[in-house]
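Taken together, the values in this text are just the output of simple stated rules run on the coordinates, not laboratory data. Not measured: the values here are computed from a predicted model. Cβ placement follows ideal geometry from the backbone for every residue including glycine, while neighbour counts extend to all protein chains displayed.
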Amino acid sequence: MLEARKTILCIEDDRETAALIAEELVEQGFAVDVAHNGQEGLAAILRQPPDIVLCDISLPFMSGFDVLERLTEIAPGFGYMPFVFLTALTDRENELKGRQLGADDFVRKPVDFDVLVAIVNMRLARALRNDSWPNLVDLSEREVETLTWAARGKTSAEIARILDLTKRTVDFHIDNARLKLGVATRIQAAIKATSCRLIEP
């Protein structure tokens, strides 16, 4: 049985640029959909989630920043989907804003197609690892419970009252979860467990 082709959504208002990107990626074996403004792109993601999004920043109706921010607000479950900005805006402020919103990468315009394909392949491979990695982490029921409440911003004392445990027991379970997840703090543990869908805050 043939493996399904990975799907890419390219949100780009310059039709010539969009056509060139789509043509190159189709030649590389991907299935490519194109949207020409931010609203159209967001609707396309919600209608049929792609494996990866390539999105221009300067778009009509909604900027690329707006698309990513809106997507995160209304559908946090899409956090696993790689989101790469295409941009001619090379200043540090824009890159910083994109990173803070959760962008995975940036591709500069004019697009170097070798770089674009390398980034797409790398991001898809990383998403695949993140998808299979949770299966290797065996959190106990108590670890899931305590970490879920920690992700909701509760202190150990508050979690102890909610679950009718001692604070020491709560700390024990959270520390165990943190070690299994390979991170240094409970906040990192909560973020990692949430992003990998091991818990649902």
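Between 42, 179, 68, the GNM of the chain built on Cα springs shorter than 10 angstrom shows 179 fluctuating the most. Seen against the Cα atoms of the chain and their longest principal axis, helix 15-27 is set at about 70 degrees.
Between the entries [x] 19.7, 63; [y] 17.8, 55; [z] 36.9, 137, the label attached to Rg and Dmax of the Cα atoms in Å calculated for this structure is [x]. Near the amide H of residue 62, within less than 5 Å, lie the amide hydrogens of 38, 39, all on another chain or at least 5 residues away, with H placed in the peptide plane. By the rule of a C-alpha distance below 18 Å, with chain neighbours fewer than 8 residues away ignored, the lysines paired with residue 154 are 167, 192. Using Cβ point charges alone (K and R +1, D and E -1), the dipole size of the chain about the Cα centre works out to roughly 1080 debye.
When the helices of the chain are scored as -39500 (n - 2.57) per DSSP H run of n ≥ 4 and the total is divided over every residue, the value at 222 nm lands at -16500 deg cm²/dmol. Toward the positive end of the charge dipole of the chain, with +1 on the Cβ of Lys and Arg and -1 on the Cβ of Asp and Glu, the farthest Cα among 34, 111, 50 is that of 50. Summary value for the chain: 14 percent relative contact order, contacts being C-alpha pairs under 8 angstrom separated by 6+ residues.
Take the Cα of residue 63, step 7 Å toward its Cβ, do the same at residue 26, and the gap between the two points is 3.2 nm. Under 14 Å from a label point set 7 Å out along the Cα-to-Cβ vector of residue 47, the amide N atoms of region 7-38 belong to 9-11, 33-38.
The Cβ shell under 12 Å around residue 42 holds other residues with a net charge of -2, Lys and Arg each +1, Asp and Glu each -1. Remark on residue 11: its backbone amide H falls under 5 Å from those of 35, 54, 55, 56, a criterion applied only to residues 5 or more positions apart or on other chains, H modelled at 1.01 Å from N. Largest GNM mean-square fluctuation among 116, 139, 165, using the chain with Cα springs under 10 Å: 165.
For the options 156, 140, 63, a Gaussian network treatment of the chain with springs between C-alpha atoms closer than 10 Å singles out 140 as fluctuating the most.
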